[in-house]
Amino acid sequence: MNSANVTLSVSNVSLKKVYKRYGSTEIVKGIDLEIGAHEFVVLVGPSGCGKSTTLRMIAGLEEISDGTVSIGERVVNKIPPKDRDVAMVFQNYALYPHLSVAENIAFGLKLRKTPKDRVKAAVDEASSILSLDPYLERKPSDLSGGQRQRVAMGRAIVRHPKVFLFDEPLSNLDAKLRTQMRAEIKRLHKRLQVTTVYVTHDQVEAMTLADRIVIMRDGKIEQIGTPMDVFLHPANTFVASFIGSPPMNLLDGKIRKSDGKVAIELNDGCIVPVPHKDGMSFTDGQEVRVGFRPEDLDVVVNDQNHTAPMNCSVDLVEPLGSEALLHLQIAGQSAVAKTTSHGRSSDMSGIANTTQVFGNLKHLHIFDRASEQSIY
Amino acid sequence: MSSNINNKITGIGQILRKDWQLYLLLAPMVIWFIVFLYTPMAGLQIAFKDFSLFKGIYGSTWVGFEHFQTLFNDELFIRSIGNTFLISLYSLVFAFPMPIILALMFNELHHAMFKKTAQTIAYLPHFISVVIVAGMVVSFLSPTTGIVNLVLDYFGFEKTYFLTNPDYFRPIFIGSTMWKEAGFESIVYLAAIAGVNPSLYESARVDGASRWQQIWRITLPSILPTIIIMLIIRIGNLVEVGFEYIILLYQPATFETSDVISTFIYRVGLQGSQYDIATAAGLFNAVIAFILVYSANRISRKLSSSSLW
């Protein structure tokens, strides 16, 4: 990418009690979301959680059943997509196969009867930002997946929209290209500073791209926060197991209180002490789930004072080079530990025979088992 | 050299043995072509012979291009070429775009029930025999009892015997053919439209395209290859113009505009028993058809990179 300079006017996006219903089926169930100007917000969640529908309602491709969507100061519920001043990049690129790259990029401007010299200048600008200069005369069928996605982005940026919408734009690319394009999208946003709403089911994309992540499930928002915020302080077991790779280990247990101290008894009788925190409140016998991220479980003791030893058996060792993933059974439940303790040795027999793992209590999470909400 | 040929024969034998089931399936069609299309071609030689039924095809004497000279000196034949050309041209201009327009219109219908009903009504005439359609046209346009003339009469216009007026033949012929076939032919285009990626329309909507612009800039270019293939097929059939239908509709009073090459061949050859002249006219027809389809294909391959072969 070179250093062509583009300045764009941008808007905030606001969703208030937005519903989407198909007959009696509710796809989106009254979500509230404020997206600030210049912000990069990623909607993430499993298939069918309503994230794409939400994006399409912002674009105007789906009608809003209830609630309001505003772009800037304007409520856009009844405004057709073309008048919303948004640009959208689709998963399958949606390039017009009969038009060349340059014509594809210019399509939106030509529809708006922009003067020819301005169209040309805009296309040149976009193609230089996206390194598309050598391909301008080619047809989409002659391009690779990554190039096609760049053309789709070019088509979006020439319009100088107030909001960019991305609908799983990297899902059709292979892993390596996806990493590359992810970086390009991030650079593009850094340069153009256009408000962006980005939908993905890939939590790595969400973590790396977002200013704020919106985690959705079953048409509802489970948590909104910065990537580190949702990683470090998941609001419930769903977010805990969705963000992070591998996901957080959740082990069933019961609260035990004695002498003013709180601990959790796992199913096999193992005790996990709960360090004191202001405002924490538990009842004796309360059913909870203990959460340790895989990187907070280790076969060696790192910090004597903040460690919970737990009995385990190793099912499987997956060496990743500098790290190894241990698939464990703790108190009859599956768990994964990420460890570096094999010291990059090719001999895995040591850790394969592990019978005890140590949880890092500094990063202990506790969730109420019935409500699934974080309580510690 | 001979070992080379032997190798090739063994190669073909191996291929046949390997996929014999496929070749078995192909066989009936090949046999049909040989028996009904290629073998009769031997009979084309009578176009260059003074054909006598008693001497047979092979026994008749050669006369070179004499029959062709006769034909091209025959005003009626020249007239039939002109009529064939004009009817084809009009049907290319008016009847060819009709199914495309119809398909685009069906595609814009969103009320499922209305769409299905409209489509069914448009497809139905295709299944009516051409004889019945001709009968309907004749009775609708009848000067005494036909509905058209009754309506004209009601509004104070003079009754007209449309089918005896050469000026009306072409519009009647092309109009009723369109009514019969346009709906059914639209299926091909509807299938092509169904194949267009729906996100192209969504993307165009976000880009600012109106309904009309979506049709013009996305649907039409996307189905252009189908349109071109259909056009090539149509051009190949240009000289064929609905022979049975013309025979059923025309009468000596309208020969001036209705007599086409195929009806000329029918009258001269079968009714006038001049088989050699009729064959010469038929051969001329076939050569023109071949040139047309070949050129259309070449042009299309050059211009749009879609072609039949």
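For the stretch B:228-254, residues that are in contact (Cβ under 8 Å) with a residue 12 or more places away in the chain and under 19 Å from B:Leu141 (Cβ atoms) total 11.
Here A:Val197, A:Val301 are screened, and the one residue that is outside any helix (DSSP H, G or I), within 29 Å of A:Glu323 (Cβ to Cβ) and of a type outside the set (S, T, N, Q) is A:Val301. Note on the stretch B:208-219: among residues that are surrounded by 16 or more Cβ atoms within 10 Å (Cβ to Cβ) and out of contact with any Lys or Arg (no Cβ under 7 Å at 6 or more places or on another chain), the one that is farthest from the other protein chains (Cβ to nearest Cβ) is B:Ile215.
Among the criteria (1) closer than 14 Å to A:Phe358 by Cβ; (2) not aromatic (Phe, Trp, Tyr); (3) not in a loop (DSSP other than H, G, I, E, B), the one A:Val262 does not fulfil is (1).
For the stretch A:81-193, the helices (runs of 4 or more DSSP H) that sit wholly inside it and include 2 or more residues that are closer than 16 Å to B:Gly208 by Cα are A:101-111, A:145-157.
Considering the stretch A:184-209, and only residues there that are modelled with pLDDT of 95 or more and of a type in the set (A, V, I, L, M, F, W, C), the residue that is nearest to the chain's Cα centre (by Cα) turns out to be A:Val199. Filtered by the rule that a residue be touching a Gly at 6+ places or on another chain (Cβ under 9 Å) and either aromatic (Phe, Trp, Tyr) or within 11 Å of another protein chain (Cβ to nearest Cβ) (or both), the stretch B:170-202 gives a lone residue, B:Phe173. On inspection, B:Phe290 does not qualify as in contact with a Lys or Arg (Cβ under 9 Å, 6 or more places away or on another chain) and of a type in the set (Phe, Trp, Tyr). Looking only at the stretch B:93-150, which residues are over 28 Å from B:Ile247 (Cβ atoms), surrounded by fewer than 15 Cβ atoms within 10 Å (Cβ to Cβ) and among the polar types (S, T, N, Q)? B:Thr117, B:Thr120 - these are the residues of the stretch B:93-150 that are over 28 Å from B:Ile247 (Cβ atoms), surrounded by fewer than 15 Cβ atoms within 10 Å (Cβ to Cβ) and among the polar types (S, T, N, Q). Would you call B:Ser295 closer than 30 Å to B:Val138 by Cβ and in contact with a helix residue (DSSP H, G or I) (Cβ under 9 Å, 6 or more places away or on another chain)? Judged against the criteria, B:Ser295 is not a match. If you go through the stretch B:226-256 and pick out every residue that is under 22 Å from B:Leu270 (Cβ atoms) and either assigned to a helix (DSSP H, G or I) or of a type in the set (S, T, N, Q) (or both), you end up with 16.
Selection within the stretch A:29-67: residues that are in a strand (DSSP E or B) and of a type in the set (A, V, I, L, M, F, W, C). The member of this set that is farthest from A:Lys82 (Cα to Cα) is A:Val44.
Taking every residue in the stretch A:342-355 that is closer than 17 Å to A:Leu320 by Cβ and pairing it with any residue that is of a type in the set (Gly, Ala, Ser), at least 6 positions away or on another chain, the pairs with Cβ-Cβ distances below 7 Å are A:His342/A:Ala324; A:His342/A:Gly350; A:Arg344/A:Ser322; A:Met348/A:Ala324; A:Ile351/A:Ala324; A:Ile351/A:Ser341.
Each row is one residue, and each column tells you yes or no for (1) away from chain B (no Cβ under 14 Å); (2) crowded, with 17+ Cβ neighbours inside 10 Å; (3) over 21 Å from A:Ala94 (Cα atoms); (4) out of contact with any Phe, Trp or Tyr (no Cβ under 7 Å at 6 or more places or on another chain).
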residue: A:Asp142; (1), (2), (3), (4): no, no, no, yes
residue: A:Gly154; (1), (2), (3), (4): no, yes, no, yes
residue: A:Glu168; (1), (2), (3), (4): no, yes, no, yes
residue: A:Leu173; (1), (2), (3), (4): yes, yes, no, yes
residue: A:Lys190; (1), (2), (3), (4): yes, no, yes, yes
residue: A:Val194; (1), (2), (3), (4): yes, yes, yes, no
residue: A:His201; (1), (2), (3), (4): yes, yes, no, yes
residue: A:Val214; (1), (2), (3), (4): yes, yes, yes, yes
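One residue is enough: does the stretch A:43-51 have a residue meeting the conditions more than 14 Å from chain B (Cβ to nearest Cβ) and in contact with a Cys (Cβ under 9 Å, 6 or more places away or on another chain)? Yes - at least one qualifying residue is present in the stretch A:43-51.
Residues are listed down the side, and each one gets a yes or a no for (1) of a type in the set (D, E, K, R); (2) touching a residue at least 60 places away in the same chain (Cβ under 8 Å); (3) facing chain B (nearest Cβ under 9 Å); (4) closer than 20 Å to A:Leu136 by Cα:
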residue: A:Met57; (1), (2), (3), (4): no, no, no, no
residue: A:Gly60; (1), (2), (3), (4): no, no, yes, no
residue: A:Glu63; (1), (2), (3), (4): yes, no, no, no
residue: A:Glu73; (1), (2), (3), (4): yes, no, no, no
residue: A:Val86; (1), (2), (3), (4): no, yes, yes, no
residue: A:Asn92; (1), (2), (3), (4): no, yes, yes, yes
residue: A:Val101; (1), (2), (3), (4): no, no, no, yes
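Does the stretch A:337-346 contain at least one residue that is at pLDDT 90 or above, surrounded by 12 or more Cβ atoms within 10 Å (Cβ to Cβ), touching a helix residue (DSSP H, G or I) at 6+ places or on another chain (Cβ under 8 Å) and of a type in the set (Lys, Arg)? So far as the stretch A:337-346 goes, yes, one or more of its residues are at pLDDT 90 or above, surrounded by 12 or more Cβ atoms within 10 Å (Cβ to Cβ), touching a helix residue (DSSP H, G or I) at 6+ places or on another chain (Cβ under 8 Å) and of a type in the set (Lys, Arg). Among the residues of the stretch A:111-122, those identified as within 11 Å of chain B (Cβ to nearest Cβ) and surrounded by fewer than 17 Cβ atoms within 10 Å (Cβ to Cβ) are A:Arg112, A:Lys113. Please tell me if B:Tyr161 is more than 10 Å from chain A (Cβ to nearest Cβ), at negative phi and crowded, with 21+ Cβ neighbours inside 10 Å. Taking the combined requirement at face value, the residue does not satisfy it.
The values are calculated or read from the model by the stated rules, or taken from the named source; none is laboratory data. Here the structure is a predicted model, which is why all the values come from computation and not from measurement. So basically every Cβ, Gly included, is an ideal-geometry build from the backbone, and we count neighbours across all protein chains shown.
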